[in-house]
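Taking it in order: structure first as structure tokens, then the write-up.
The values are calculated or read from the model by the stated rules, or taken from the named source; none is laboratory data. Computed from a predicted model, the values in this text were never measured in an experiment. Positions of Cβ are generated from backbone atoms using ideal geometry, with glycine treated the same way; all protein chains shown enter the neighbour counts.
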Ligand SMILES: [Fe+2]
């Protein structure tokens, strides 16, 4: 069983799957890799998207997909989104509407230029004051940015949850960064962040094979356990 917390499987809502057919193709691929449960996390850009319109659109696409796959051997799907960070986001109203499957976890996409103290302060405010726990999306992607090193230290010291893309394990460009993140013990979850069969397919099998080979079976099991425990918290299933 594997729980994927980051995917762009909803058709026609962002730069992920184009339509219902492509959503189903991606879900088939995921199922064949042992992914049993997937959260659809279309991009939400708070400064340009209108919250109510976004929710109406993604809900309708989600229901359509859910009805289509009901009788098929495909992963269970849930709804969330990937919220782009901007300075002041913690003051936004109704942020909880963007959480993963109505839980108190939010998938937050860091901004390349805003990784410093203000960002870090807001992460703590979201989690410790508002009770909305951020999970930082694909943190490896920011490895060249100013403040990345300090961010990693902050993540470690404050137990901030993070996610790394499965595809990054198959990309040599990230190998040093991933090694460092693993050494610092700051990766909480691996997810596909799949967009399409061509652009970032769900490479979970490959990623876990590499993780086991390079970092050991215990580390792989730890990541799988993290994902299973989060699944229980987010869906209420398996408790
Ligand atoms: Fe994404």
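Within the range 35-53, the set of residues being closer than 20 Å to residue 194 by Cα and either without any contact (Cβ under 8 Å) to a residue 24 or more places away in the chain or more than 14 Å from the ligand (Cβ to nearest atom) (or both) comprises 35, 36, 37. Within the range 19-29, if we keep just the residues that are more than 16 Å from the ligand (Cβ to nearest atom) and touching a residue at least 60 places away in the same chain (Cβ under 8 Å), the residue that is surrounded by the fewest Cβ atoms within 10 Å (Cβ to Cβ) turns out to be 25. Restricting 109, 82, 64 to those that are farther than 21 Å from residue 158 by Cβ, out of contact with any helix residue (DSSP H, G or I) (no Cβ under 7 Å at 6 or more places or on another chain) and at pLDDT 95 or above reduces the list to 82. Screening 32, 87 for residues that are surrounded by fewer than 16 Cβ atoms within 10 Å (Cβ to Cβ), closer than 22 Å to residue 114 by Cβ, more than 16 Å from the ligand (Cβ to nearest atom) and more than 18 Å from the chain's Cα centre (by Cα) leaves exactly one candidate, 87.
Output the number of residues of the range 2-12 satisfying the condition of being away from the ligand (no atom under 12 Å from the Cβ) and on the phi < 0 side of the Ramachandran plot. Please lay out each step first, then the result.
Restricting attention to the range 2-12, the residues satisfying the condition of being away from the ligand (no atom under 12 Å from the Cβ) are 2-3, 11-12.
This time we only want the ones that are on the phi < 0 side of the Ramachandran plot, so: 2-3, 11.
Of the residues in that region, 3 qualify.
Counting only residues that are part of a loop (DSSP other than H, G, I, E, B) and in contact with a strand residue (DSSP E or B) (Cβ under 6 Å, 6 or more places away or on another chain), the range 1-32 holds 6 of them. Cβ separations smaller than 6 Å between residues 6+ apart or across chains give no pair from the range 80-94 residues that are without any contact (Cβ under 8 Å) to a residue 60 or more places away in the chain and at positive phi to residues that are in a loop (DSSP other than H, G, I, E, B) and surrounded by fewer than 18 Cβ atoms within 10 Å (Cβ to Cβ).
Test residue 71 against the criterion of being away from the ligand (no atom under 16 Å from the Cβ) and either more than 27 Å from residue 167 (Cβ to Cβ) or touching a helix residue (DSSP H, G or I) at 6+ places or on another chain (Cβ under 8 Å) (or both), and give yes or no. Answer is yes for this residue. Only one entry in 101, 158 is out of contact with any helix residue (DSSP H, G or I) (no Cβ under 6 Å at 6 or more places or on another chain) and at pLDDT 95 or above, namely 158.
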